[in-house]
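**Q** I'd like to ask you about the structure that follows.
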Amino acid sequence: MTILVNLLGLGLIGLIAWWFWLSESKAAKAAGQAPLTVLVDGGVYAPDRIEVPAGQPVKLTFVRKDSSPCAAQVVFADLDLSFDLVMDSPTEVQLPALKRGGYPFTCQMGMYRGVLEAG
Amino acid sequence: MARAIRLSIDGMHCAGCVSKVEAALTAVPGVTQATVNLAERSAMVEGDANVSVLIEAVRATGREAVEIKNAADETQKEAAEMAHYRRLLLQAAAAALVGLPMFTAGMLDALPDLDSATGQVIWLALGIITLGVMMFSGRQFYVGAFKGLIHHSATMDTLIAMGTGTAWLYSMVISIWPHAVPEVGRHVYFEAALIIIALINLGQALEMRARGKTSEAIKRLIGLQPKTARVLREGEEIDISIEAVGLDETVRVRPGEKIPVDGVLLEGHSHVDESMLTGEPMPVAKQKGDEVVGGTINTSGTFLYKATRIGADTVLAQIITMVRQAQSSKPRIGRLVDRVAGVFVPAVLIIAVLTFIAWFDFGPEPRISFALVTTMTVLIIACPCALGLATPMSIMVGVGKAAEYGILIRNGEALERAGRLTTIVLDKTGTLTLGKPQVTNVIACEGSEDEILRLAASLEAGSEHPLAAAVLTAATEKELQPAAAEKFAALTGRGISGAVEGKPLLLGNRKLMQERGIKLKADVETQLGRLAESARTPMLLASDEILLGIVAVADPVREDSHAAVARLHALGMKVVMLTGDNRHTAEAVAKELGVDGVIAEVMPQDKGSRIAELQAQGEVVGMVGDGINDAAALARADVGFAIGAGTDAAMESADVTLMRSSPTGVASAIEISRATMVNIRQNLFGAFVYNTLGIPVAAGILYPFIGLLLNPIIAGAAMAMSSVTVVSNANRLRLFKVGDSR
């Protein structure tokens, strides 16, 4: 019994590390002129990984369905930009042309997390 | 008055576009009128329509639209937050209403025994009721945890959902199969799950309340904007909503009213109280041609002005945007914490599993109960929120506090760096001095002083030199009538020459007099020496090789420059004056103000390299200038302070903009920066200590030594209060007063 519990526990630790740290969610692609919509609901951004073309301005539309105050703002810390998100109202977010690389976006506390991947 | 929505429209190039967009907007149900302004690339929509539908309607025409936001958004935001606050309280109350009686009954040993069939049925019923209440009161945690999980993200919701979910699941297993665990381990934790949820909801509601206070500064700024404006349309004065004011429209402002948008005064004169934006206590006189800023208060006369900046372009709107941006930006210390917060929750999950294994392997009987309670307590006590809130809450209050003093801080990093400055370099002209030369002395060698001034003014009337304006102003003040000058010539670097009323005249420096062979007597030399010592620039007036007199001009030191330098010294700063002026004048001003060093005779383009030299000596340098001539130095410095300018260019380039034309704001900015950074460190220290001590104690590290195990309910209370403590500590900053107002 003890061995089984230990093995299960270690397996669970491995699963936690793999799921939260090592594997990533599928990326959504922002293409063309139409802005990609990011839904803010239930403590997450959906999609939370967005591929955007490098060297071109980026347009995203955030739709906030989450009434928690944490969801009230989206912060692009590396770009020194932040946007207020009003409940149930689409907020257009315009970002400058990005160099290749990852640009995280978070709520003000850094709990809701997503990343823009410019490539 | 109908609700007005303003949209900024992208992709509109011709009058044809205007009619298409207008038609699309008018077709939206609820729209009573839609007017598109091609020049502004904007649309004003009146009626009762949904913004997203309007935006979609514009998109359908192949163009992009964004709402031009205004104070109404803030009202909507506040209403949403209030609804959320009430719901949290209701959820807390519901969980407490069921959880507390169960807890009390347990303490009084009044709950049924699990061994009897009746007891089991009662427990199962309580379990189902608990599940219902958990779903009502803690729905957001479970939904959040699930959504997070499928997005590979673990948040505070994950911890709460796992902690309370485990408690409920274990309790149900015990209720259904009581004999699955030894008798001593047959504890049911339904009440713990409910009370934890109640406490966390209550904590979040309290935190929301406290958070609301942290953004009071921005609310105050938004509150400055009036809701309506009185405009002149077709000869009639009508009241319209502020969003409906167009560019170049004529606006009427009466005494006591707020100025709705930025503009230029056309008719009338008044005094305007600009203290809410600049911190400048005295109302400023305004007359035809002067600029007025939206949000300031007209104190006395009635006037008409032309709207030159509206909507998001007004100074007030830009200030609000800048303060908002700064409030949500992070200093380096905050970004480091973000990285920790990003890995925090999965790490706690792993610690919780290890805790379970440790208790299961080495704990006393009933091992399963100990393992379960400690695991649950670890999950509940860990509080990533306290870590996440530590920096942004303090930045929010600190940046807002600065804005109250008319100090606009660009971002969190600038705020952080301002606290580490060791040297402040102040530009002389326009920063320490008024930047407007004035005549300070008129000395007559021949004739009267008025005659000397009149002749000098007559000659200067044709000159564009800054000193000429000072001479002409002084003559006007004395009601002297300058005569027409003939044969005027500017003698570069030396002065001017000409003839007034047939008399040949020279006005210039000592070099000019020497060139023309005009000898200066000993007493004149003494006078010139004295003038130079007191930072005054003498202009010598001569005719026919005879010195007629001296007109001395100086750029007066600002009244509060002494106080500014003294406050900077009190903060331990080295104060250096930087100027393009000659060393003599610069040193005289430096001596008067008591600064520690003078860098004189520097060309504007070399100011940046002088800053770099100071940095090379190990100094962390703050440069204070007017944002135009000092652009390079401001950019080169660790923190650039643009003084007395609400101008777009200065606000864009500087790290800190001082709205009030006073160098005292520099000391205030440094004090606020230091206080904010201390507050952030206190918050981070508290949050780290809480988690680094709380988690091991919850895991039962003290049990082998002193037999201490934390009750999961206590862990829930501690977790809820840790966030409240961080936000409350940040709120203390609101009481902070800078040196000159203490």
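**Q** Roughly speaking, what is the centre-to-centre gap between the range B:509-541 and the range B:557-627 when only Cα atoms are used, to the nearest Å?
**A** Taking the Cα centre of the range B:557-627 as reference, the centre of the range B:509-541 is 28 Å away.
**Q** Please compute the alpha carbon radius of gyration of the range B:42-142, then divide it by the globular-protein estimate 2.2 N^0.38 Å. Two decimals is fine.
**A** Compared with the compact-globule rule of thumb, the range B:42-142 sits at 1.97.
**Q** OK, next. What do you get for the angle between helix B:332-362 and the principal long axis of chain B? Use alpha-carbon atoms, 0 to 90 degrees, nearest ten.
**A** It works out to around 10 degrees.
**Q** Quick one: which of B:301-310, B:494-503, B:517-526 comes out on top by average Cβ neighbours within 10 Å, and what's the full order, highest first?
**A** Listed from highest to lowest mean packing, they are B:301-310, B:494-503, B:517-526.
**Q** Provide a whole-number value for the mean count of partner chain Cβ atoms within 10 Å of the Cβ atoms in peptide B:339-345.
**A** 3
**Q** Using only helices, what value at 222 nm comes out for the protein assembly as shown when you add -39,500 (n - 2.57) per DSSP H run of length 4 or more and divide by the total residues, to the nearest 500 deg cm²/dmol?
**A** When only DSSP H runs of four or more count, the value is -15000 deg cm²/dmol.
**Q** Take the eigenvalues of the Cα gyration tensor for the range A:26-118, scale each by 5, and report the square roots as semi-axes in whole Å, largest first.
**A** So the equivalent ellipsoid measures 20, 13, 12 Å along its semi-axes.
**Q** Cα centroid distance between the range B:100-134 and the range B:683-742, in Å?
**A** Comparing the Cα centres of the range B:100-134 and the range B:683-742, I get a distance of 32 Å.
**Q** Please tell me the relative contact order of the range B:655-742 in percent, rounded to the nearest whole number, where contacts are Cα pairs under 8 Å and at least six residues apart. Spell out each step's value before the answer.
**A** Numbers: 34 pairs, mean separation 37.3, N = 88.
RCO, the range B:655-742: 42 percent.
**Q** Let me know the mean shielding of A:82-91 by other chains, meaning the per-residue number of their Cβ atoms within 10 Å of its Cβ. Provide the component values of the computation, followed by the final result.
**A** Values: counts 8, 3, 6, 1, 9, 7, 4, 8, 6, 4.
Other-chain Cβ atoms within 10 Å of each residue's Cβ, averaged: 6.
**Q** Would you list the P(r) distribution for the range B:66-199, with all Cα-Cα distances sorted into 10 Å bins from 0 and each bin expressed as a whole %?
**A** 12, 34, 27, 16, 6, 3, 1
**Q** I would also like to ask the following. Any idea what angle helix B:607-616 forms with the longest principal axis of chain B, computed on alpha-carbon atoms, 0 to 90 degrees, nearest 10?
**A** 50 degrees
**Q** I would also like to ask the following. Given 10 Å bins starting at zero, what is the percent of C-alpha pairs of chain B in each, up to the one with the largest pair distance?
**A** 3, 11, 15, 17, 16, 14, 10, 6, 4, 2, 1, 0, 0
**Q** On a 0 to 90 degree scale, rounded to 10, what angle separates helix B:522-533 from the longest Cα axis of chain B?
**A** Helix B:522-533 sits roughly 10 degrees off the main axis of chain B.
**Q** Also, quick follow-up: Using alpha-carbon positions, what is the distance between the centroids of the range B:411-489 and the range B:201-262, in Å?
**A** The distance from the Cα centre of the range B:411-489 to that of the range B:201-262 comes to 40 Å.
**Q** Next up: Given the protein assembly as shown, what whole percent of its Cα pairs are spread farther than 38 Å?
**A** 56 percent
**Q** Residues of A:63-71, mean number of Cβ from any other protein chain within 10 Å of their own Cβ, rounded to a whole number?
**A** 5
Read-outs throughout are calculated quantities, based only on the coordinates presented, and are distinct from any laboratory measurement. Keep in mind that this is a model prediction, so the values were computed, not measured. All Cβ positions, even for glycine, are placed from backbone atoms using ideal geometry, and neighbour counts span all protein chains on display.
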